[in-house]
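S.K.: The following block contains the structure, expressed as structure tokens.
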Amino acid sequence: MDYLLKHYGENFIVEEKLIQCKEMTSFGKTSVNTIRMVTYKSVVTGEIVCLNAVLRMGRNGSETDNACQGGSYVGINIEDGSLGKYAINDSAIVQKVFNDIDFANNSYKIPVWEEVKSLALLVHSHILHHKLVAMDIAITDDGLPKLIEVNLGAFTPNLFQLTVKPTFGEYTDEIMDYCFKRYQHYYPTLIY
């Protein structure tokens, strides 16, 4: 603590070490592998839904699950938690095998999938002023989903476009209608 206080003042956070469940560890042995879940609060009905999800996996040897640091991601079926048949890296290159895991010839499912979705919906229900929320969720060694991070400004839509389905899916039209009506008097300018 003395080192932190001396070098960073009050500008630091100390987090409890998280130990993920063995199923999630199998996707990347040295990083906490997280589920990027996007929830959407309908501008028409107000209902909050789980819109899209991917599993973010760190490459073996890395401490992070970020694709920009050598990791990859694989799409998750929002209904049943089953994983897609390929991973994608930061350069959008398809990988049927990542970290010695053969996605193309196996069927994997995220454990406690319904609990993961319930947590995401609960978190979004407490965020009042945002219609679109992306969150990173881990599954701990006691089999419970745990919120790691909430992203409100950017949620990386290409993750879903490349692995699962169109980012907004069946809500695309209502989102477009909402934006066109809300911003009908906005005239964008080019910035050079």
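S.K.: Give the span of region 51-132's Cα atoms along each principal axis, as three whole-Å numbers ordered largest to smallest.
M.R.: 40, 26, 21
S.K.: Under 12 Å Cα to Cα from LYS117, which aspartates and glutamates show up? Leave out anything in the same chain fewer than 8 places away.
M.R.: Candidates past the 8-residue exclusion: GLU79, ASP80, ASP136.
S.K.: Here's a follow-up. What does the charge dipole of the chain about its Cα centre add up to, to the nearest 20 debye, if the Cβ of each Lys and Arg holds +1 and the Cβ of each Asp and Glu holds -1? Working shown, then result.
M.R.: Working: 17 positive and 23 negative charges, 80 e Å.
In debye, rounded to 20, the chain gives about 380.
S.K.: While we're here: May I ask you to give the solvent-accessible area per residue for the chain, in square angstrom, as obtained with a 1.4 angstrom probe? All intermediate terms of the calculation are to be shown ahead of the outcome.
M.R.: Details: 11830 Å² over 192 residues.
Heavy-atom SASA per residue in the chain reads 62 Å².
S.K.: Taking a temperature of 4 °C and a viscosity of 1.567 mPa s, what whole-number D in µm²/s does Stokes-Einstein yield for region 57-101 with Rh from Kirkwood over alpha carbon pairs? Show your work: numbers first, answer last.
M.R.: Numbers: Rh = 10.8 Å.
In µm²/s, the coefficient rounds to 120.
S.K.: Given the C-alpha atoms of the chain, compute the convex hull and give its volume per residue in Å³.
M.R.: Details: hull volume 34.0 nm³, N = 192.
Roughly 177 Å³ of hull volume per residue.
S.K.: Local charge sum around CYS68 (other residues, Cβ-Cβ under 13 Å, Lys/Arg +1, Asp/Glu -1)?
M.R.: Working: positive: ARG56, ARG59; negative: ASP65, ASP90.
Result for the local shell: 0.
S.K.: Equivalent-ellipsoid semi-axes (√(5λ), Cα gyration tensor) for region 104-173, whole Å, largest first? Mind dumping the intermediate values first?
M.R.: On the way: eigenvalues 91, 76, 23 Å².
Sorted largest first and rounded, they come to 21, 20, 11 Å.
S.K.: Could you tell me which of the pairs LYS17/LYS41; LYS29/LYS165; LYS85/LYS131; LYS29/LYS96; LYS85/LYS165; LYS6/LYS146 are separated by over 22 angstrom between their Cα atoms in the structure shown?
M.R.: Numbers: LYS17/LYS41 32 Å; LYS29/LYS165 28 Å; LYS85/LYS131 30 Å; LYS29/LYS96 18 Å; LYS85/LYS165 14 Å; LYS6/LYS146 31 Å.
Table pairs above 22 Å Cα-Cα are LYS17/LYS41; LYS29/LYS165; LYS85/LYS131; LYS6/LYS146.
S.K.: Of the accessible area of the chain, with the probe set at 1.4 angstrom, what percent is carbon plus sulfur?
M.R.: 54 percent
S.K.: Considering only GLY84, GLY71, GLY143, give the residue with the highest GNM mean-square fluctuation for the chain, with springs between Cα atoms whenever their separation is below 10 Å.
M.R.: GLY143
S.K.: Report, in whole Å, the centroid distance computed from the Cα atoms of region 16-72 and region 83-109.
M.R.: 14 Å
S.K.: Under 10 Å, Cα contacts only: if you run a Gaussian network model on the chain, which one of GLU15, GLU149, GLU63 comes out with the highest mean-square fluctuation?
M.R.: Evaluated over the chain, the most mobile residue of the options is GLU15.
S.K.: Mind telling me which of ARG56, ARG182, ARG36 comes out most flexible in a GNM of the chain, alpha-carbon contacts under 10 Å?
M.R.: Answer for the Gaussian network model of the chain: ARG182.
The values are calculated or read from the model by the stated rules, or taken from the named source; none is laboratory data. Quick caveat: nothing in here was measured; it's all calculated off a predicted structure. Virtual Cβ from ideal backbone geometry, glycine too; neighbours counted across all protein chains shown. Ligands, DNA and RNA are stripped out before the accessible areas are found, and what is left, the full protein with its side chains, is counted by its heavy atoms. Shrake-Rupley method; radii C 1.70, N 1.55, O 1.52, S 1.80 Å.
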